C-alpha cells in the first residue's frame, strides 16, 4: 500500500515540475506584448549594468589591454596590496568622507531652514520670485559653475580679493591654498542644491494638517513655538529618510563637482582629492586599469554594505523611513 | 486669521524675509557678475577685475565666438543628444515602466529587483570604460553620449509608481470591452500620464544637456564636443581662444581669453534660462511624486 503511494507521488511531482515550466511559458505567452515591451530595457540593463560587474575580475588580474579580460593573468590580491601600500588611500578616503559629511549636514540644514522660512512667508510674489531664484542653480552643470567660481576666487580681479583689497589686505592665493576649499565646496554645494532640496521639505510641511497649527494658535503658541514643536518634529521622518539615502553614498565622491572645479590642480589635492578623482587619474593618466578597478570594486562593495546596514538601522529607529 | 500676531512673531517673520532675500541674492550674484563681466572689454576686465556692472560695454567676445563655427557645432551636438536621447530614453523607460506596473504580469517583481539591484551595486568606472571603448567600440561616436546613459533606474521606478497609481478599473473595463494591451497603453495610460511623462522627460533632457564627463572619456573628435565639455576645455586651455582669434588681423590684438570664456558660459546657459519656467514647474511636480511615492 505504502509502496503504491510512493510510486504514485513521483509522477505527480513530475507533473508539478512540468506544470511549473508550462506555467512559466504560459505566462510569457499570455503577457507576450508586455514582456516584449520590457525586453529592450532588460537587455540594456544587462549590457550596461551587469556586464561591467563581470569586469570586476580585472581587479584581480594584471590587466593588459592587448590580452583582454580573458587573456590577462590573475594575480590575486596584489592590486589591493599595492594600493594600500602606497599610502594615498588615507588621504583620499578621509577627504571623501569628510567632504561628503559636510555636504550632507550643511545641505540638509540649509534646505530645512529654507523650507521652514519660506512656508512662514506671506507675500505671494516674493515667495514665487525667491523660490525661482533659489532653485535655478540646480539646473546648471558643474563646468558652468566652475567658471563662476573663477570670478570669485581668482587671485587677480576675483571678487573676494577685490573686496579684501579695499581693507588693504594682501590677495589670497586660493588656487594654491587647499585649506579654503572644503569651505568653498560646501558654499557651492549649498548654492547649487539647497533651494532645490528644500522643495521636498516644503511638500512635507504643506502636508501637515492645518488644524494642528490652528489649535496651537488658540492655545497662544508663538510662531517660534509652532516651528519648534510642530513643524520640525513632523519633518523629522523625511530628514531621516533623505539622510539615510545620502549616507548610503558617502563613499562616492562627487566627481562631477570636484573634477570640474578643482580639475588637475595638484596643490589642492590635500583637501579635495576624493576616491573618484583619484581613481579617474590612475586610470586615464597612469593607465593602471587593474589598480583602478580594485579601488572601484572596494568602493562599490563598501557602498553596498553601507546601504544595507544603514537601512537596517533605519528600520529599527523609524520603521516608516526605511527604503526596503 | 482671527488671532493678531504678537510683536515677537512679526520680528521673526521679518527676519525670515530678510534671510530668504539674502539667500536669493547669493544664488543670483554669480549669474549677474558673469553676464556683466562678459559684456565688457578684455582690457577693462584685466584692469578692473570681475565686475557687477560692465565698465566699458562691449560685445566683442560674443562677436568673436559667433564668428567661429565651433560654438555652432557644439550647440548642434548638444541639441541632437538632448532631443534624440530624451526621445529614446522616454520610449524605453515608459515601455519598461508600464510592464512593471501591470499587476497581471507575474514576474514583475523579479524584473523590478533585477533593475533595483543595479542601483545598489555597480561594476565601476574601469569596467564600464573598457566595455564601451574597447568591447563595444563606441569611442568618437555621437551615440556614446546617448546609449550608455539611456535608461535610469530611478526615473524608471518613478514612472512605474505613477502608472501603478492609475486606477486599475480603467484598464479592466477597457479589457472587458475587448481592448488589447497595446490599445490600453497607447490610448488610455499614456494620454492620462502626460504630466508625469513630461516630468521624467525633462529629468532626462537636463541630464543630457549637462553631460560632459562621457565626452571627456570617449570623445576626441573636436566636431563632437558637446557644449558643457567645450566649456570645460576652454577653461583649462587656450586652444579654442587662439583658434577663434586666428582670423583677426588687427595689429596688437590680444586674444580676449577671459571675456570669451565668460561669454561662452553665458551662451551655454541661455536655453536653460529660456526654458526655466517649464523646468521649474515639472521638476517640482516630479520631486513631489518621488517624495510621496518613492
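The values are calculated or read from the model by the stated rules, or taken from the named source; none is laboratory data. None of the values given here were measured: they were computed from a predicted structure. Cβ sites come from the backbone with ideal geometry, for glycine too, and all protein chains shown count toward neighbours.
Mind checking which residues of segment A:204-224 are more than 10 Å from every other protein chain (Cβ to nearest Cβ) and in a helix (DSSP H, G or I)?
A:205, A:210, A:211, A:212, A:213, A:215, A:216
Would you list the helices (runs of 4 or more DSSP H) that sit entirely within segment A:1-97 and hold 1 or more residues that are at pLDDT 90 or above and over 28 Å from the mean Cα position of the chain (by Cα)?
A:32-45
For segment A:58-67, give me each residue that is more than 7 Å from every other protein chain (Cβ to nearest Cβ) and buried (at least 17 other Cβ atoms within 10 Å of the Cβ).
Across segment A:58-67, the qualifying residues are A:59, A:60, A:61, A:63.
Just checking, which of B:202, B:194 is surrounded by fewer than 16 Cβ atoms within 10 Å (Cβ to Cβ) and either in the same structural domain as residue B:84 (by TED's automatic domain parsing) or at pLDDT 90 or above (or both)? Break it down into steps so the answer makes sense when it comes.
Numbers: B:202 fails: surrounded by fewer than 16 Cβ atoms within 10 Å (Cβ to Cβ).
Going through B:202, B:194 in turn, the sole match is B:194.
For every residue, the table says whether it meets (1) within 30 Å of residue B:232 (Cα to Cα); (2) without any contact (Cβ under 8 Å) to a residue 60 or more places away in the chain; (3) touching a strand residue (DSSP E or B) at 6+ places or on another chain (Cβ under 7 Å); (4) away from chain A (no Cβ under 12 Å).
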| site | (1), (2), (3), (4) |
| --- | --- |
| B:121 | yes, yes, no, no |
| B:143 | yes, yes, no, yes |
| B:160 | no, no, no, no |
| B:200 | yes, no, no, yes |
| B:203 | yes, no, no, no |
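For the condition touching a helix residue (DSSP H, G or I) at 6+ places or on another chain (Cβ under 7 Å) and in a helix (DSSP H, G or I), what is the one hit in A:241, A:301, A:245? So that I can check it myself, show each step before the final result.
Working: A:301 fails: touching a helix residue (DSSP H, G or I) at 6+ places or on another chain (Cβ under 7 Å); A:245 fails: touching a helix residue (DSSP H, G or I) at 6+ places or on another chain (Cβ under 7 Å).
Unique residue meeting the criteria: A:241.
Can you tell me which residue in segment B:82-101 is nearest to the chain's Cα centre (by Cα), limited to those that are more than 17 Å from residue B:145 (Cβ to Cβ), within 7 Å of another protein chain (Cβ to nearest Cβ) and free of Cβ contacts under 8 Å to residues at least 60 places away in the same chain?
Here the residue is B:95.
Could you tell me whether residue B:76 is free of Cβ contacts under 8 Å to residues at least 40 places away in the same chain, away from chain A (no Cβ under 13 Å) and in a helix (DSSP H, G or I)?
In short, yes.
Return the only residue of B:59, B:28, B:39 being farther than 21 Å from residue A:145 by Cβ and either in contact with a helix residue (DSSP H, G or I) (Cβ under 9 Å, 6 or more places away or on another chain) or surrounded by 12 or more Cβ atoms within 10 Å (Cβ to Cβ) (or both).
B:59 is the lone residue from the list that is farther than 21 Å from residue A:145 by Cβ and either in contact with a helix residue (DSSP H, G or I) (Cβ under 9 Å, 6 or more places away or on another chain) or surrounded by 12 or more Cβ atoms within 10 Å (Cβ to Cβ) (or both).
If you go through segment A:64-94, how many residues are within 29 Å of residue B:115 (Cβ to Cβ) and either out of contact with any strand residue (DSSP E or B) (no Cβ under 8 Å at 6 or more places or on another chain) or in the same structural domain as residue A:289 (by TED's automatic domain parsing) (or both)?
Residues meeting the conditions: 2.
Determine the pairs where a residue that is surrounded by fewer than 14 Cβ atoms within 10 Å (Cβ to Cβ), located within segment A:162-182, has a partner that is modelled with pLDDT of 90 or more and in a helix (DSSP H, G or I) with Cβ atoms under 7 Å apart, the partner being 6 or more residues away or on another chain.
Close Cβ pairs satisfying both conditions: A:176/A:267; A:179/A:271.
Evaluate the following for residue B:243: is it under 26 Å from residue A:149 (Cα atoms), touching a residue at least 24 places away in the same chain (Cβ under 8 Å) and in the same structural domain as residue B:267 (by TED's automatic domain parsing)?
So residue B:243 passes the test.
Results for (1) surrounded by 20 or more Cβ atoms within 10 Å (Cβ to Cβ); (2) within 11 Å of another protein chain (Cβ to nearest Cβ); (3) in contact with a helix residue (DSSP H, G or I) (Cβ under 7 Å, 6 or more places away or on another chain), shown as yes or no for each residue.
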{"residue": "B:206", "(1), (2), (3)": "yes, yes, yes"}
{"residue": "B:211", "(1), (2), (3)": "yes, yes, yes"}
{"residue": "B:227", "(1), (2), (3)": "yes, yes, yes"}
{"residue": "B:232", "(1), (2), (3)": "yes, yes, yes"}
{"residue": "B:242", "(1), (2), (3)": "no, no, no"}
{"residue": "B:257", "(1), (2), (3)": "no, no, yes"}
{"residue": "B:269", "(1), (2), (3)": "yes, yes, yes"}
{"residue": "B:273", "(1), (2), (3)": "no, yes, no"}
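With the requirement that a residue be touching a helix residue (DSSP H, G or I) at 6+ places or on another chain (Cβ under 7 Å) and at the interface with another protein chain (Cβ under 8 Å from one of its Cβ atoms), what does segment B:47-56 give you?
If the condition is that a residue be touching a helix residue (DSSP H, G or I) at 6+ places or on another chain (Cβ under 7 Å) and at the interface with another protein chain (Cβ under 8 Å from one of its Cβ atoms), then B:49, B:50 are the ones that fit.
How many residues does segment B:51-70 contain that are assigned to a helix (DSSP H, G or I) and free of Cβ contacts under 8 Å to residues at least 40 places away in the same chain?
Of the residues in that region, 2 qualify.
Out of everything in segment B:208-222 that is assigned to a helix (DSSP H, G or I) and closer than 23 Å to residue B:130 by Cα, what residue ends up being farthest from the chain's Cα centre (by Cα)?
The qualifying residue farthest from the chain's Cα centre (by Cα) is B:222.
For segment A:21-35, name all the residues that are surrounded by 13 or more Cβ atoms within 10 Å (Cβ to Cβ) and either within 12 Å of residue B:108 (Cβ to Cβ) or more than 9 Å from chain B (Cβ to nearest Cβ) (or both).
A:27, A:31, A:34, A:35
Checking residue B:36 against (1) within 7 Å of chain A (Cβ to nearest Cβ); (2) free of Cβ contacts under 8 Å to residues at least 60 places away in the same chain; (3) assigned to a helix (DSSP H, G or I); (4) under 30 Å from residue A:129 (Cβ atoms), which test does it fail?
That leaves (1) as the condition not met.
Here is a check on your reading of the model: is residue A:295 modelled with pLDDT of 90 or more and in a loop (DSSP other than H, G, I, E, B)?
When the stated conditions are applied, residue A:295 does not pass them.
Looking at (1) more than 9 Å from every other protein chain (Cβ to nearest Cβ); (2) farther than 19 Å from residue A:282 by Cβ, which is the only condition residue A:87 fails?
Among (1) more than 9 Å from every other protein chain (Cβ to nearest Cβ); (2) farther than 19 Å from residue A:282 by Cβ, the lone unmet condition for residue A:87 is (2).
Would you be able to say whether some residue in segment A:265-275 is at the interface with another protein chain (Cβ under 9 Å from one of its Cβ atoms) and either in contact with a helix residue (DSSP H, G or I) (Cβ under 9 Å, 6 or more places away or on another chain) or farther than 25 Å from residue B:237 by Cα (or both)?
no
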